[in-house]
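Notes follow the structure.
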Amino acid sequence: MIVLPIPERWRHYAILVEQRAGDVPDDSMFLPSELALRDLVALPRRRREWTVSRTALKILARQRGAIAEAHDGLIESDAESRPHLRDLATGRSWCVSLSHSRGFAAAAVDRRPVGVDVERVRPLSLSAAHLFLTDGERDEIESARIEDALLHSWCAKEAAWKAISSMHETLKSVPLRLIERGGQGLTFEGPALTIETRRISPDLVAALAVTV
């Protein structure tokens, strides 16, 4: 598993990784109850994605000081199926977000709601924009003039929705306002959120949503 370079200000919240062929999972990072949940995942590819994203989360949580050791952290879901990390040593709970896309994975952790999304670069048809963008948002994205702008907006919506999904039922209902355009990404304002997207590599776009 390779840890990917990300913007400096993202490092407090997130980690992005790429899975390598032949990677052997370190099951010692997980509690028996977590491994039992993984065993319920039927498809081998999905099990690998489950393992890589949650391994990344445990690494990040240790770096942040959220947990002292990997097995101190229990990844569990709340009543709305959103993941949380509970420190079994202290009882504290942390907001987390997980994402994976065709060999890439990401995790984010914070005391406040946070969202992360990774998307392997692929073409998105503008005709599909109405499924997740309002007309005003689509007009903003069309004016952004960066490569794969529509994928950046999809990624931003996913990250924002993960952070505040309890407030919105669909991606389209999450309001985003484009406030900054850059050569490698976009910055949006959302409901009590700042969302940034970046092209991490030629093959990967990522987004991070943090509470403000």
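The values are calculated or read from the model by the stated rules, or taken from the named source; none is laboratory data. Since this is a predicted model, take the numbers as computed values, not measurements. Virtual Cβ from ideal backbone geometry, glycine too; neighbours counted across all protein chains shown.
Taking the stated definitions as given, is D39 in contact with an Asp or Glu (Cβ under 7 Å, 6 or more places away or on another chain) and of a type in the set (D, E)?
Values: in contact with an Asp or Glu (Cβ under 7 Å, 6 or more places away or on another chain): no; of a type in the set (D, E): yes.
Answer is no for this residue.
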- Message: Looking only at the stretch 1-33, how many residues end up being acidic (D, E) and under 21 Å from L204 (Cα atoms)?
- Response: 3
- Note on the structure: Pairing a residue in the stretch 1-26 that is assigned by TED's automatic domain parsing to the domain that holds A56 with any residue that is among the small types (G, A, S) and assigned to a loop (DSSP other than H, G, I, E, B), where Cβ atoms lie under 6 Å and the two sit 6 or more apart in sequence or on different chains, gives Q19/G103
- Residue tally, condition surrounded by 17 or more Cβ atoms within 10 Å (Cβ to Cβ) and over 26 Å from E18 (Cβ atoms), over the stretch 119-131: 1
- Query: Within the bounds of the stretch 79-97, is there any residue that is closer than 15 Å to L57 by Cβ, without any contact (Cβ under 8 Å) to a residue 60 or more places away in the chain and aromatic (F, W, Y)?
  - Reply: yes
- Query: How about the stretch 148-162: which of its residues are closer than 19 Å to V121 by Cα and either over 21 Å from the mean Cα position of the chain (by Cα) or of a type in the set (F, W, Y) (or both)?
  - Reply: W154
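Quick check on my filter: what residues within the stretch 138-175 are among the small types (G, A, S) and either buried (at least 24 other Cβ atoms within 10 Å of the Cβ) or not in a helix (DSSP H, G or I) (or both)?
S143, A144, S153, A156, A159, A160, A163, S173
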- Subset of the stretch 176-212 [of a type in the set (D, E, K, R), part of a strand (DSSP E or B) and surrounded by fewer than 17 Cβ atoms within 10 Å (Cβ to Cβ)]: R177, E180, R181, E189
- Test: T170 is more than 22 Å from R102 (Cα to Cα) and within 16 Å of the chain's Cα centre (by Cα): no
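Restrict the check to the stretch 61-70 and report whether at least one residue is under 20 Å from R120 (Cβ atoms) and surrounded by 12 or more Cβ atoms within 10 Å (Cβ to Cβ).
no
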- Which of the residues belonging to the stretch 154-171 are touching a residue at least 40 places away in the same chain (Cβ under 8 Å) and of a type outside the set (A, V, I, L, M, F, W, C)? E158, K162, S165, S166
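Rundown of residues vs (1) polar (S, T, N, Q); (2) closer than 23 Å to I59 by Cα; (3) touching a Phe, Trp or Tyr at 6+ places or on another chain (Cβ under 6 Å), yes/no style:
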residue	(1), (2), (3)
A108	no, yes, yes
D135	no, no, no
E142	no, no, no
S153	yes, no, no
I164	no, no, no
L171	no, no, yes
Q184	yes, no, no
- Message: Suppose we keep only residues that are surrounded by 14 or more Cβ atoms within 10 Å (Cβ to Cβ) and touching a residue at least 24 places away in the same chain (Cβ under 8 Å) within the stretch 27-49. Which one would you say is farthest from S99 (Cα to Cα)?
- Response: L31
